[in-house]
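A short write-up of the structure that comes next.
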Amino acid sequence: MASPGARLASLAHGDVTSLEIVALGAQPAGKVARSGTVWLRKEGNGVGSVTATVAPATESNVILWFRTFGAIAGSGFRRYATYRQAAVAGAVTNTVFGFLRCYVLLAVAGAAGGAAGYDREQLATFVWAGQGLLAVVLLWGWTDLADRIRTGEVASDLLRPVHPVTSYLATDLGRAGWAGVSRLLPPVLVGPLFFDVHLPARWPTVPLFVTSVLLAVVLSFGCRFLVNATAYWLEDVRGPQILWVLASGMLAGLYFPLPFLPDAVYLALQFGTPFPSLLQIPLDVLVERDSTATQVGLVAVQVGWAAAVLALCRLVQRRAERRLVVQGG
Amino acid sequence: MAEPVALPRQRPPGRPRPRSGRLAAYRALLGAQARSQAAYRTSFVVDLVGNVGATVFDVVTVLVIFGVTRELGGFTLRETLVMVGLSTAAFATADLLVGNIERLPRYVRTGLFDAVLVRPLGALPQLLLMDLPLRKVSRALFGLAVLVVAVGSAGIDWTPGRVALVLLAPLAGVVFFGSVFVATATVSFYWTESGELANSVTYGGRDFTSYPVTVFDGWFRAVFAYGMGFAFVSYQPALALLGRADPLGLPAWAGWAAPAVALVAAALAATAWRVGVRHYRSTGS
């Protein structure tokens with residue numbers, strides 16, 4: 001009984017892959033265009049439940065893909081922009097913590113005027129931009145996917161012609177866009193009123209910083225997606241959630257700049273874990289702690305991590321779909 | 001919704017429940033909580049470990065900072081650790097006992113607070129017992145351990161007075177942080193969407209009390225340390241324990257003011273709670 005099921009699963013699985021490629025518009029597969037038939041999509045755990053997904057329109061192309069992605073991102077922006085009061089409360093909280101952390105780090109710099117390669121102005125920028133970026137990168141508090149897996153609502157995500165990783169990423173970029181307006185600006189504007197801050201002195205820093213933040217958002221989304229996706233296998237995702245919250249807060253550079261650690265430890269973290277790429281690297285790029293060449297290198301590290309984690313997300317999602325059993329009618 | 005007279009009640013309004021009956025009801029609430037939380041063993045253990053992890057990292061942060069500098073605001077690592085110990089032990093215990101009040105915004109938003117008000121028990125004790133987070137026990141124990149180690153290694157010149165203070169100060173800190181939790185939660189009676197705003201004073205207060213007050217400056221220091229009274233949670237008692245004069249000029253007895261400050265905070269929080277509950281308007285069905 002298992003072997004026909006497994007065969008069907010692997011057969012159908014190949015179809016799903018080609019379907020995804022068409023849906024994403026990366027390459028209009030002629031096979032689909034010719035046949036235009038209904039593709040079988042196998043879900044469940046060899047139980048034999050098969051759902052039919054209609055092949056998307058034949059004129060799928062890259063432009064359409066971008067329009068779809070943009071539309072989902074726009075709706076993500078609007079969805080989060082409805083919570084204006086929460087944004088005000090959050091911005092005030094970030095600002096209070098900006099004061100707390102800034103005073104502590106300036107005390108660390110003390111009379112010597114600097115610590116671990118940062119001067120006083122750079123530390124101030126590090127703190128205030130960090131408080132602003134926290135909500136943009138959003139390390140914590142995203143359980144949408146885990147909730148939908150638990151309730152079974154994720155089934156409707158799987159029926160859509162856009163890959164779940166892609167559509168959730170688009171929503172998250174929209175969310176980050178709103179956070180950039182509502183949560184990044186207030187601390188970044190308040191900080192310089194009370195402290196001397198370091199402003200970028202070299203022009204390449206600005207585009208590098210923007211790129212770095214974008215990569216951090218994508219990477220953070222990928223990590224959160226993976227943590228949430230453990231719900232496919234575990235009934236209770238609190239364990240992975242807690243580990244993620246602990247590790248990301250400490251190792252992303254939120255509590256203290258990671259160069260405060262011994263060099264070997266910091267290097268190991270930077271190349272061995274995705275955490276510094278979430279916050280520490282964008283902030284290091286912004287405060288110009290290193291030369292432009294090193295800044296580019298740091299962003300390259302982020303590119304590597306973002307690509308690896310997104311690929312892992314798709315792999316995990318593929319494996320998960322093969323074992324997902326949605327309860328209920 | 002504060003006076004749900006139309007609802008059927010077990011006993012006529014106005015006549016209080018006998019004290020023993022009320023205690024039994026609270027005990028039943030607590031027992032139900034304990035059983036439900038321990039029902040999922042693995043989750044419970046994970047929660048215990050995760051909760052202690054967060055507090056461990058707070059202490060590690062202080063250690064890392066002292067890896068870069070030899071003194072912070074004029075205080076050495078050993079001296080600062082006494083403040084960290086007082087702050088952590090007090091905050092973690094208050095968080096265990098009262099911290100879940102920070103879920104009040106959700107109760108107000110969803111209307112669950114209505115159900116709490118119609119029951120013939122105090123609203124605040126019910127809320128605290130309804131989800132007493134037993135998983136935070138690990139955190140409170142760790143906080144206590146930090147305090148014991150810090151006080152033990154700080155080279156304190158023990159006098160009977162200081163022994164009394166080292167026992168009183170953490171208790172006062174628990175009362176103080178508990179009051180802060182309750183007082184900040186009442187904001188949600190007026191501003192339902194206040195979200196994480198309360199965190200800026202609760203967790204912000206914890207961060208503030210983990211460092212010598214001398215680290216901070218200007219109006220920010222004035223507001224947090226003296227306006228809200230956070231200086232009396234850890235900084236002033238630590239100075240009294242260590243026998244150091246306050247570089248900011250407060251007299252030596254300021255460390256002994258901690259219990260009085262805590263009582264004032266508790267009174268203010270109780271008032272804020274009463275006023276808040278009266279002001280409460282249900283969000284509707």
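Read-outs throughout are calculated quantities, based only on the coordinates presented, and are distinct from any laboratory measurement. Predicted model, so just to flag it, every value in this text is computed and none were measured. Glycine gets a Cβ as well: all are built from the backbone with ideal geometry, and neighbour counts include every protein chain shown.
Fewest-first ordering of A:Ile281, A:Ile63 by other beta carbons within 10 Å of each residue's beta carbon gives A:Ile63, A:Ile281. When B:His279, A:His198 are arranged by Cβ crowding within 10 Å, least crowded first, meaning fewest neighbours, the order is B:His279, A:His198.
For the stretch A:118-150, list residues with backbone N below 15 Å from a point placed 7 Å from the Cα of A:Asp290 toward its Cβ? Only A:118 fall inside the zone, counting backbone N under 15 Å.
What the Cβ-Cβ distance of A:Ala155 and A:Thr82 gives, at R0 = 25 Å and to the nearest 0.05, is a FRET efficiency of 0.45.
If R0 equals 56 Å, the separation of the Cβ atoms of A:Arg314 and B:Trp158 corresponds to a calculated FRET efficiency of about 0.35. For chain B, the mean residue ellipticity at 222 nm estimated from helices alone is -21000 deg cm²/dmol, where every DSSP H run of n ≥ 4 contributes -39500 (n - 2.57) and the total is divided by all residues, rounded to the nearest 500. Pairwise alpha-carbon distances in the stretch A:200-329 exceed 20 Å for 50% of all pairs.
For the stretch A:68-321, the convex hull drawn through the C-alpha positions has a volume of 127 cubic angstrom per residue.
Exposure proxy ranking for B:Arg139, A:Arg148, based on other Cβ atoms within 10 angstrom of each Cβ and starting from the fewest, stands as A:Arg148, B:Arg139. For the peptide B:72-81, the mean number of other protein chain Cβ atoms found within 10 angstrom of a residue's Cβ is 1. Report the net charge of residues surrounding B:Pro237, where surrounding means a beta-carbon distance below 12 angstrom and charges are Lys +1, Arg +1, Asp -1, Glu -1. Taking every other residue near B:Pro237 into account, the sum is +1. Using bins of 5 Å that start at zero, the share of Cα-Cα pairs per bin across chain B amounts to 1, 5, 11, 15, 16, 15, 12, 9, 7, 4, 2, 1, 0, 0, in whole %.
In a GNM of chain B with a 10 Å cut-off on Cα contacts, which of B:Arg206, B:Arg35, B:Arg274 has the highest mean-square fluctuation? Taking springs between Cα atoms under 10 Å, the residue moving most is B:Arg35.
Here is the tail figure for the protein assembly as shown: Cα pairs spaced more than 44 Å apart come to 28 percent of all pairs.
The stretch A:306-320 and the stretch B:113-143 have Cα centres spaced 40 Å apart. The distance separating the Cα centre of the stretch A:111-177 from that of the stretch B:27-71 comes to 24 Å.
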